[in-house]
Amino acid sequence: MTPKRSILAFAFCFLLTGAAMAQEAGQIEGQVTDTDGKGLSNVVVGVQEADLVSITDANGAYRIAAVPAGTYTLTFTSGDNADLQENVTVTAGQTTTGDFTADWDLSFLDSITVFSASRRAEKITEAPAAVTVITAEQIEREASHGQLPKLLEFTPGAEVTQSGVYDYNFNTRGFNSSLNRRVATLIDGRDVSVPFLGAQEWAAIGFPLDDLANIELVRGPSAALYGSNASSGVLNMTTKNPRYNQGGTFRVAAGELSTLNADLRWAGDIGNGWYYKLVGGVRTSGDFTVSRNGSAEYAVPCSATGQTDCLPQERARLNPENDNQISFGGLRFDKDLGNGKLLTLEGGQAQVEGPVFQTGIGRVQLADIGRPWARVNFFTPHWNVLAFYNSRDASDQTALASGNRLVLDTSNIQIEVQTNWELGDKARIVAGGSYSEDDIDSLDPATGRQTLMFQAVEGDFTAAYAQVDWELTDKVKLVLAGRWDDSSLHDSQFSPKASVVAALNPNHTLRFTYNEAFQVANYSEFFLQAAVAAPLNLSPFEGFCAPFGVSCGFGSGATPILAVGNESLEVEETETFEIGYTGIFNNKAFLTIDYYSSANSNFITDLIPQLGTGLGRVNSNFGPYAPPSALPAPAAAGLLAALRGALGGSFFILSNNLDGTPILTAVSYANFGEVDTQGIDLGLNYYIDNHWNLSLSYSWFDFDIKSGDPALENILIPNTPEGKASFGISYVHPKWDLGLSGRWVDTFRWAVGPFQGDVESYTTFDLNGNYRINDSWSVGVNISNAFDDKHYQSFGGDLLARRALGNVAFTW
């Protein structure tokens, strides 16, 4: 039986079992709210007589399945607060509603629940991984800036590196890059990365930020549940459910950089169990980006190829210049099918024009990008079936270094089936499988030529995973997980995970975790063919071939100088051991301490020179140039001698493309090195009282490259500071709130493609505040880099300055 059929058979058997069990019992579902009608998360709901429990989600909703018919007492517990609801009757095959209003005085720490670490809801103190949570309330206070990565900028372990207004690299635990692909990014389970790069296009996020119900960042390898794009972590975002978040918000924000943003969110009840949500928005602004044609906004302009600690000069000017135009819209329908079943249908589109992004081949400007998407989700208490479609129609991009027009049209589809079951009263299992396909094409219809690859490519991916949580004792939990991945791009991989979570007491836990993970090269690293310099005119050398009726390929007068992918790349491999502590003190302070140690091998380098690095010929798929076989030997020898004399050292990177035509392979990718990394992430949130909150974080990172050759160690640079720290203080009142956050980043070296230089230490502060005039109207301010400390966060990135925005919002 094929792997795909095995997954389907596995799912079918579980479905039959679940259907049989459902006929013998009923279920209880409801929502726990406070006296103002706001959902309360992390409330433990129990069926007293049946020893069954559930935990409320971010909306306060819960479901308890497989409850035998009868009359029960429900228990509701959160921290030191507890209540009962008696005489709840359950009928076989039916759903009983168990809504509850809690008149409790809860702190924030009573409501911290996470999902991403285990693909199921659990208390953050019980999670088998280091997890950062950003709540809906925190997001709403900062939503006006429209820059999603900034929501995590001041959190423990997060590496948020900004270049332009919408150009961000997001990473954790080292080895960052201009287009980072090590942290899987999911929105409602949908992978939103650009398949060609494996990285995120943050400008194309298609919803107002305050439509997010929560954000969870799992720090550390997560391949055991999420696969290859999660070797450093998972960023999992959930948008608001329209059933529990009805009403609307319209916000307008304006300010520096000629910014004018408008956001709309509107959700409601259609009737007959149907709910809707409409979102839309526009973003117009200038940017920090400037053209580099004979100038440099810092360092100095580069004067030669391969020069470092300078800004590479570009052939093209920005067009449009200092003008970002972004628009998006989406529509969602939810159907409550009863018995805990929910069907979701949604789709949307984002349009992006103007932003510039830092890449391994230089800066690229997006002149016209469309990002349509669609998602279908069917949820039951024991099953979740998800299917989604993403597309990227990029007919007009400009490589500023070469001036070439780039086209990149991609699409991918994925279907995933997941199930969860209780195994007695001590164990739980989560299991699932997925299949996806990618299509990548860089054909420019105007010229009939590929602009980023030799030819269009396709890829398919199949996976199966499972995790078992087993409560060995009342205080010790064992977690075992594993995932099998297979693809047309790599050999089969298995990623195991083992974790022990030990509760010293209900508010203090220790975690010991072992992970194995892998990272696959993206399509660019496998198949890239992009110009990195102006082509050479070698047409005179065609004279060696013409007398024999043979074409040597030099006749066009434009022999390209290329960055090329390497189809022989192997997967990166990571083994990580970590120790974590999570503690809640006096229900006021939340402390996390995490130490990790990783052994990494087969790192995929950024673009490095084809020759001259000490690694020999970096990409052996492109060997020394070979004249046409039909050319007589004496003529071929004469041609090679003449080319060598004319090209000098560049002769040795002259090669043949896949169709035999001559190219110069300037740079490529390679597997290199074994690297040991280690680090510590510290985080503290102190809730001084019901209004004041103080947060602190510090991260330390260290690495050891085991090449044995100091000259080679410059090839592999983590692009990560040894130390960074952040702080935040906020005051939240029912009528107004005010917050100040700051972070310090130590000096570090940055080396990605043509951008190689030091990033000087910097400190930056953000200020945000909001005032609620009445139940409908509010105003606010958000100031990034409040003290206008001009700095750059990646070498080659923009010189960043202050951006102050004011906003007004109407809510109904």
Could you compute how fast region 689-741 diffuses translationally, taking Rh as the Kirkwood radius over C-alpha pairs and applying Stokes-Einstein at 20 °C with viscosity 1.002 mPa s? Give it in µm² per second. 146
What list of whole percents do you get for P(r) of the chain, with Cα-Cα distances grouped in 10 Å bins up to the one holding the largest distance? 2, 13, 22, 25, 19, 10, 5, 2, 1, 0
Grab the Cα-Cα distance for E437 and Q85, subtract it from 0.36 nm times how many residues apart they are, and report the gain in nm with one decimal. 121.8 nm
Taking Cα centroids, how far is region 681-738 from region 324-384 in Å? 30
Put a dot 7 Å past each Cα toward the Cβ at A304 and S551; how far apart are the dots in nm? 3.7
What's the angle, to the nearest 10 degrees (0 to 90), between helix 3-24's Cα axis and the longest principal axis of the chain? 10
Distance histogram in 10 Å bins (all Cα pairs of region 693-812, percent per bin): 12, 29, 27, 17, 10, 4, 1
Using the scaling law 2.2 N^0.38 Å as the reference, what is the normalised Cα Rg of region 329-368? 2.11
Taking 1 over the mean of 1/r across every pair of different Cα atoms in region 420-504, what Kirkwood radius in Å do you get? 16.3
Rh by Kirkwood over Cα pairs, then Stokes-Einstein D for region 111-154 at 0.890 mPa s and 25 °C, µm²/s: 209
Compute the helix-to-body angle for 633-647: its Cα long axis versus the longest principal axis of the chain, expressed 0 to 90° and rounded to tens. 70
Shape metrics for region 621-671, restricted to C-alpha atoms - Rg then Dmax, Å: 11.7, 38
If Rh is defined by the Kirkwood formula over all Cα pairs and Rg also comes from Cα, what ratio Rg/Rh do you get for region 41-183? 1.10
Q610 long-range amide H proximity, modeled H, under 5 Å: V667, S668
Measure off, as a whole percent, the carbon and sulfur share of the 1.4 Å-probe accessible area of the chain, all protein chains present. 55
What's the FRET efficiency of D103 with S620 using the Cβ-Cβ distance as r and R₀ = 51 Å, to the nearest 0.05? 0.10
Whole-number D in µm² s⁻¹ for region 116-244, Kirkwood Cα-pair radius fed into Stokes-Einstein, 4 °C, 1.567 mPa s: 87
Report, in whole Å, the centroid distance computed from the Cα atoms of region 82-131 and region 197-274. 23
Whole-Hz Karplus ³J(HN,Hα) for region 432-444, in order, using 6.51 cos²θ - 1.76 cosθ + 1.60 and θ = phi - 60°, x for Gly and Pro? x, x, 8, 9, 9, 9, 10, 10, 10, 8, 10, 6, 8
Roughly how many nanometres apart are two label points built 7 Å out from the Cα toward the Cβ at Q325 and D659? 3.5
Normalise the Debye intensity by I(0) for region 632-751, one equal point scatterer per Cα, no solvent, then take log10 at q = 0.16 Å⁻¹ and round to two decimals. -0.93
Report ³J(HN,Hα) in whole Hz for each residue of region 162-168, in order, from the Karplus equation J = 6.51 cos²θ - 1.76 cosθ + 1.60 where θ = phi - 60°; Gly and Pro get x. 9, 10, x, 4, 10, 9, 10
Running Debye on region 187-231 with equal point scatterers at the Cα sites and no solvent, what base-10 log of I(q)/I(0) appears at q = 0.15, 0.24, 0.31, 0.33 Å⁻¹? -0.48, -1.11, -1.27, -1.28
Along region 718-728, what does the Karplus equation 6.51 cos²θ - 1.76 cosθ + 1.60 (θ = phi - 60°) give for ³J(HN,Hα), rounded to whole Hz, x for Gly and Pro? x, 6, 9, x, 5, x, 8, 8, 8, 8, x
Over the chain, with neighbouring protein chains present, the accessible area per residue in Å² at probe 1.4 Å is 39
Quick check for you: which residues of region 656-674 have the amide N under 20 Å from the point 7 Å beyond the Cα of R749 toward its beta carbon? 668-674
Where a Cα-Cα gap under 19 Å defines reach, which lysines qualify for K341, not counting those fewer than 8 residues away within the same chain? K240, K277
Quantify how much of the Cα-Cα distance distribution of region 137-194 extends past 16 Å, in percent. 50
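Determine by what factor the alpha-carbon radius of gyration of region 398-456 differs from 2.2 N^0.38 Å, reporting the quotient.
2.08
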How big is the Rg/Rh ratio for region 58-134, C-alpha atoms only, Rh by Kirkwood, two decimals? 1.01
Taking the Cα-to-Cβ direction at A641 and at N774 and moving 7 Å from each Cα, how far apart do the two end points lie in nm? 9.3
Just to be sure I understand: if I project the alpha-carbon convex hull of region 364-466 onto a plane and average over all orientations, what area do I get in nm²? 8.8
Residues meeting the amide H criterion for G30 (H placed from the backbone, H to H distance under 5 Å, 5 or more places apart or on another chain) are Y62, G98
With all distinct Cα pairs included, what does the Kirkwood hydrodynamic radius of region 227-352 come out to in Å, to one decimal, could you say? 19.0
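The values are calculated or read from the model by the stated rules, or taken from the named source; none is laboratory data. None of these values were measured; they are calculated from a predicted model. Heads up, the Cβs are rebuilt from the backbone with ideal geometry, glycines too, and the neighbour counts pull from every protein chain shown. Protein only, heavy atoms only, side chains kept; ligands, DNA and RNA dropped before computing areas. Shrake-Rupley method; radii C 1.70, N 1.55, O 1.52, S 1.80 Å.
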